[in-house]
Structures are given as structure tokens and as C-alpha cells.
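Visitor: The structure is given below, and queries will be raised subsequently.
The values are calculated or read from the model by the stated rules, or taken from the named source; none is laboratory data. Keep in mind it's a predicted model, so treat the numbers as computed, not measured. Cβ placement follows ideal geometry from the backbone for every residue including glycine, while neighbour counts extend to all protein chains displayed. With ligands, DNA and RNA removed, areas are computed over all heavy atoms of the protein, side chains included. Shrake-Rupley method; radii C 1.70, N 1.55, O 1.52, S 1.80 Å.
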Amino acid sequence: MAAATGPVPYKEVGDEGTAARDPLPRDEFAGLVASLPRKEQFLDGRLYQGFWLPEHYLPGVVAFQRRFTPRRPDDVVLVSFPKCGTTWLKALAFADVFTDGHEAMLDRLPSPRLINTHVPYPLLPEAVTGDGGCKVVYICRDPKDMVVSLHQFLRRLQPDLSFADMFDSVAVDGTAPYGPMWDHVLGYWRASLARPDRVLFLTYEDLLQDAGEHVRAMARFMGRPFSPAEEAAGAVEAAVELCSFEKMKGLEVNRRGTSGSYKSMPRDAFFRKGVAGDWVNHMSPEMAARLDEVFRDKLRGTGLTIPRGPRHG
Ligand code: PAP
């Protein structure tokens with residue numbers, strides 16, 4: 001995102017020496033993880049403080065929860081429910097990622113840092129949510145598109161993965177990775193109502209509808225609004241174009257190879273279709289109605305409604 005003084009140059013930092021100095025979170029928190037209720041599924045989950053966190057990532061979450069201290073006023077934490085627009089939001093905000101065992105590397109990143117996570121709101125460190133905390137940008141999406149996106153994504157590694165099981169984990173028992181999704185979304189929704197200066201709540205559908213408007217809002221929220229000169233030079237439109245689905249999907253770096261510290265995922269799997277409403281091609285109307293009903297019930301009285309894409313009114 002462009003600052004009034006121009007973009008901050010990104011400096012690559014390595015994790016040299018990190019493992020030698022610090023015990024890895026997965027060793028440090030092995031006992032804690034082993035003591036938690038477990039659900040065997042596509043990403044084995046452990047129930048930690050009310051949320052089903054993938055076992056592999058849980059030690060990093062605990063380390064983040066217990067030790068992360070934001071640098072004020074610059075740090076921004078970008079949060080999403082999985083498959084709800086993480087990649088897009090990160091591109092729009094020039095994000096960096098907090099991962100298992102990379103705490104020292106995070107320390108060495110120059111400010112302003114953008115930290116990306118799927119951590120539910122109640123599990124964020126007090127240092128982030130409390131009075132001395134930092135800004136948080138959250139993105140969610142129509143759960144019907146989310147479940148289709150997750151299924152299509154994980155099928156790249158496990159072609160026989162059952163859609164019905166995936167659907168149940170999102171819509172019925174809430175055991176999807178980082179779920180229940182309704183509690184995840186509502187945590188950030190309520191925080192955005194209570195502290196609009198600290199939590200910005202976006203939807204994937206909002207970005208599809210008018211990315212420029214929301215990029216401007218995000219820049220203002222982060223305290224780095226586009227200057228009149230940048231506006232006049234078309235910087236907003238240029239940022240949106242640079243991060244568009246077609247542009248990102250077409251980049252050589254996103255077309256080849258794999259990524260991921262856990263399961264090695266083909267990079268192109270992060271750029272599938274990039275639209276709202278693709279659920280109609282993967283889900284029966286009965287399933288869609290059931291999922292809508294579950295979420296409508298959970299969101300009732302909160303002021304939040306299920307995000308709808310442009311084509312679905
Ligand atoms: P993650 O949780 O694994 O990081 P995330 O990036 O949140 O995934 O979501 C992936 C979805 O965002 C994919 O949606 P689909 O399966 O319905 O197609 C992906 O295509 C979409 N996506 C990725 N980059 C962009 C982009 N630049 N613009 C719009 N959509 C995007």
C-alpha cells in the first residue's frame with residue numbers, strides 16, 4: 001500500500017541462527033498440544049480455547065498468543081478465515097507471514113510490518129487487542145464459497161477428499177480448520193463494532209464489488225492514506241490492477257513450484273477461480289439452503305449478514 005512518502009522498500013530477512021538459539025514452538029508446546037481434544041480429519045484439529053486449530057500450526061499460534069508484541073503504531077495484523085481472501089488481502093497490503101519457528105525473523109523485519117494469521121479474535125495476544133495494541137484488518141467470505149474453495153484446494157493433495165465431510169465440518173459441527181467459522185467471523189465483527197478505529201472488517205465480496213474503494217479505506221485505516229498526488233497519478237487503480245486475480249495468477253512465481261511449511265501445496269492452487277457464487281457449481285440447492293440457515297441463525301441479532309456476491313444480490 002502506498003504511503004504518503006512512497007512505498008517502503010521491502011528488505012528480505014532470513015531466519016539464520018533462529019533454530020540454534022530458540023526451541024521451536026512445536027517442541028516447546030508439544031505437551032500442551034498432546035493434552036487437547038483431537039479430531040482426525042483433512043487437517044487434524046485440536047480444540048484449543050474453543051476453536052479447532054490445525055495441529056501442525058497450533059504451536060505457532062500459542063507462541064504468537066503468548067509472545068507476540070506489536071510495534072506501535074506501525075504494525076498491522078491481517079486476519080482471515082481460511083480461503084476467504086488471505087492471498088488477495090496480503091497482496092493489497094504487502095503482507096508478511098508469522099509462521100512456526102520464525103519469531104526471530106519477524107523481529108528483524110523492518111517497520112511497518114504486516115503480519116498475517118488465521119487466529120480467532122479471542123486468541124489474539126492481549127498486546128494486540130488491549131489498549132496498547134495495534135490495528136487489525138479482517139476478511140471473511142460467503143461460507144458457501146469458502147467451503148467449495150477449501151475443498152477444491154485440499155483436493156489438490158487428496159483427490160478423493162469427501163465434499164460431504166468438508167461441508168459438515170463447516171456447516172454442522174464447526175470443526176473446519178480454525179472453526180467454528182461463525183465464532184471466528186463474529187469475534188472480529190463484534191470487535192469492529194466496539195473498536196472501529198482498531199478493527200476493519202472486510203468481505204471478499206466487498207473487494208470484488210469495488211476494490212478501489214476498499215483499498216482507500218484500508219489505507220486510511222492504516223494511517224497511510226493515498227496522497228492527492230498519488231490519487232491523481234492513478235495509484236489506487238494501479239494497486240488494484242497489480243493485485244487482480246488475473247495478474248497474480250499469471251505471475252511466473254505463482255504458476256510453478258510449491259509452498260507451505262506443512263503440506264507442500266502447488267502455488268497455482270492459491271489462484272483457482274476468484275469469483276463470488278461459484279458454490280452453485282459444486283453444491284446442491286438443499287445444501288446451500290442448509291448452510292445459509294445455520295449461519296443466519298448464528299448471525300441473528302448481530303447486524304451481520306452472509307456476504308453476497310454481485311450476481312446474488
Ligand atoms: P488461504 O486461506 O489458503 O491463504 P485464501 O487466499 O484466503 O486461501 O483464499 C483463496 C481464494 O482466494 C481462492 O478462491 P476460489 O477457490 O474461490 O477461486 C482464490 O482463487 C482467491 N484469490 C486468490 N488471489 C485472488 C485475487 N488476487 N483476487 C481475487 N481472488 C483471489
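Visitor: Tabulate in residue order the Karplus-calculated ³J(HN,Hα) for the range 55-67, using 6.51 cos²θ - 1.76 cosθ + 1.60 with θ = phi - 60°, rounded to whole Hz; enter x for Gly and Pro.
Guide: 3, 4, 8, 4, x, x, 5, 5, 4, 4, 4, 8, 10
Visitor: Need the full-extension length gain, VAL172 to ARG156, defined as separation in residues times 0.36 nm minus the C-alpha distance. One decimal, nm.
Guide: On the way: separation 16, 0.36 × 16 = 5.76 nm, distance 2.40 nm.
Residue separation times 0.36 nm, minus the Cα-Cα distance, leaves 3.4 nm.
Visitor: Oh, and also: Just to confirm, what accessible area per residue do you get for the range 53-299 at 1.4 Å probe, in whole Å²?
Guide: Working: 10390 Å² over 247 residues.
Result: 42 Å² per residue.
Visitor: Can you give the accessible area of TRP189 in Å² (nearest 10), computed on protein heavy atoms with a 1.4 Å probe?
Guide: 40 Å²
Visitor: Kindly report, to the nearest 10 Å², the accessible surface of HIS56 as traced by a 1.4 Å probe over protein heavy atoms only.
Guide: Approximately 50 Å² for this residue.
Visitor: Further question: Of all the accessible heavy-atom surface of the range 53-299, with the other protein chains kept in place and a 1.4 Å probe, what percent is carbon and sulfur? Provide the component values of the computation, followed by the final result.
Guide: Details: 5510 of 10390 Å².
Its accessible area is 53 percent carbon and sulfur atoms.
Visitor: Post the alpha-carbon centroid distance, the range 262-293 to the range 197-219, in whole angstrom.
Guide: So the two Cα centres are separated by 21 Å.
Visitor: Next question. Mind putting a number on the dipole of the chain about its Cα centre? Charges go on the C-beta only, +1 for Lys and Arg and -1 for Asp and Glu, and I need it in Debye to the nearest 20. Don't skip to the answer; put the middle values down first.
Guide: Values: 39 positive and 41 negative charges, 25 e Å.
About 120 debye.
Visitor: Sticking with this one: For ILE139, list long-range residues whose amide hydrogen, built 1.01 Å from N in the peptide plane, is under 5 Å from its own amide hydrogen.
Guide: Correct list: VAL79, SER80, PHE81, LEU202.
Visitor: Taking the square root of 5 times each eigenvalue of the Cα gyration tensor, what semi-axes in Å does the equivalent ellipsoid of the range 53-299 have, largest first? Before the final figure, lay out each step's value.
Guide: Values: eigenvalues 149, 96, 77 Å².
Its equivalent ellipsoid spans semi-axes of 27, 22, 20 Å.
Visitor: Related question: Each residue of the range 166-171 in order: what ³J(HN,Hα) in whole Hz does its phi give by Karplus 6.51 cos²θ - 1.76 cosθ + 1.60, θ = phi - 60°, with x for Gly and Pro?
Guide: 4, 4, 4, 5, 8, 9
Visitor: I would also like to ask the following. Roughly how big is the range 171-243's charge dipole about its Cα centre, with Cβ charges of +1 (Lys, Arg) and -1 (Asp, Glu), in debye to the nearest 20? Please list the in-between numbers first.
Guide: Numbers: 6 positive and 11 negative charges, 86 e Å.
With Lys and Arg at +1 and Asp and Glu at -1, about 420 debye.
Visitor: With springs only between Cα atoms under 10 Å apart, run a GNM on the chain and tell me which of ALA238, ALA219, ALA93 wobbles the most.
Guide: Answer for the Gaussian network model of the chain: ALA238.
Visitor: Separate question: Putting +1 on Lys and Arg Cβ atoms and -1 on Asp and Glu Cβ atoms, find which of PHE221, VAL253, ALA288 reaches farthest to the positive end of the dipole of the range 53-299.
Guide: VAL253
Visitor: For the range 108-123, in order, what is each residue's ³J(HN,Hα) by Karplus, 6.51 cos²θ - 1.76 cosθ + 1.60 with θ = phi - 60°, in whole Hz (x at glycine and Pro)?
Guide: So the Karplus estimates, Gly and Pro as x, are 7, 5, x, 7, x, 9, 10, 10, 10, 8, 9, 5, x, 4, x, 9 Hz.
Visitor: Oh, and also: Just to verify a number: FRET efficiency for SER284 and LEU47, C-beta to C-beta distance, R0 = 22 Å, to 0.05? Don't jump to the answer; show the numbers that get you there.
Guide: Values: r = 30 Å, r/R0 = 1.35.
With R0 = 22 Å, the Cβ-Cβ based efficiency is 0.15.
Visitor: Whose amide H sits under 5 Å from the amide H of SER259, counting only residues 5 or more places off or on another chain, with H placed in the peptide plane?
Guide: MET265, ARG267
Visitor: Can you give the calculated 222 nm mean residue ellipticity of the chain, where each DSSP H run of n ≥ 4 adds -39,500 (n - 2.57) and the sum is split over every residue, rounded to the nearest 500 deg cm²/dmol? Write down the numbers at each step before the final one.
Guide: Values: 17 runs with 131 residues, N = 313.
The per-residue figure over the chain is -11000 deg cm²/dmol.
Visitor: Points 7 angstrom from Cα along the Cβ direction at ASP183 and THR258: gap in nanometres?
Guide: 3.3 nm
Visitor: With every protein chain kept in the model, how would you rank ASP173, ASP27, ASP44 by accessible area, 1.4 Å probe, largest at the top? Kindly include the intermediate steps, with their values, before the conclusion.
Guide: Working: ASP173 75, ASP27 105, ASP44 40 Å².
I get ASP27, ASP173, ASP44, largest accessible area first.
Visitor: Let me ask something additional. Among all the lysines, which ones have a C-alpha under 20 Å from LYS273's C-alpha, if same-chain residues fewer than 8 places away are not counted?
Guide: Candidates past the 8-residue exclusion: LYS83, LYS90, LYS144, LYS247, LYS249.
Visitor: Quick check on the range 192-247: take the gyration tensor over C-alpha atoms, sort the square-rooted eigenvalues as a ≥ b ≥ c, and tell me if it's rounded (a/c under 1.5), prolate or oblate.
Guide: On the way: a/c = 2.94, a/b = 1.29, b/c = 2.29.
It is oblate, given that a/c is not under 1.5 and a/b is not larger than b/c.
Visitor: Ok, one more. When DSSP beta bridges are limited to those with both residues in the chain, what percentage is antiparallel, rounded to the nearest 5? All intermediate terms of the calculation are to be shown ahead of the outcome.
Guide: Values: 9 of 25 bridges.
DSSP beta bridges in the chain are roughly 35 percent antiparallel.
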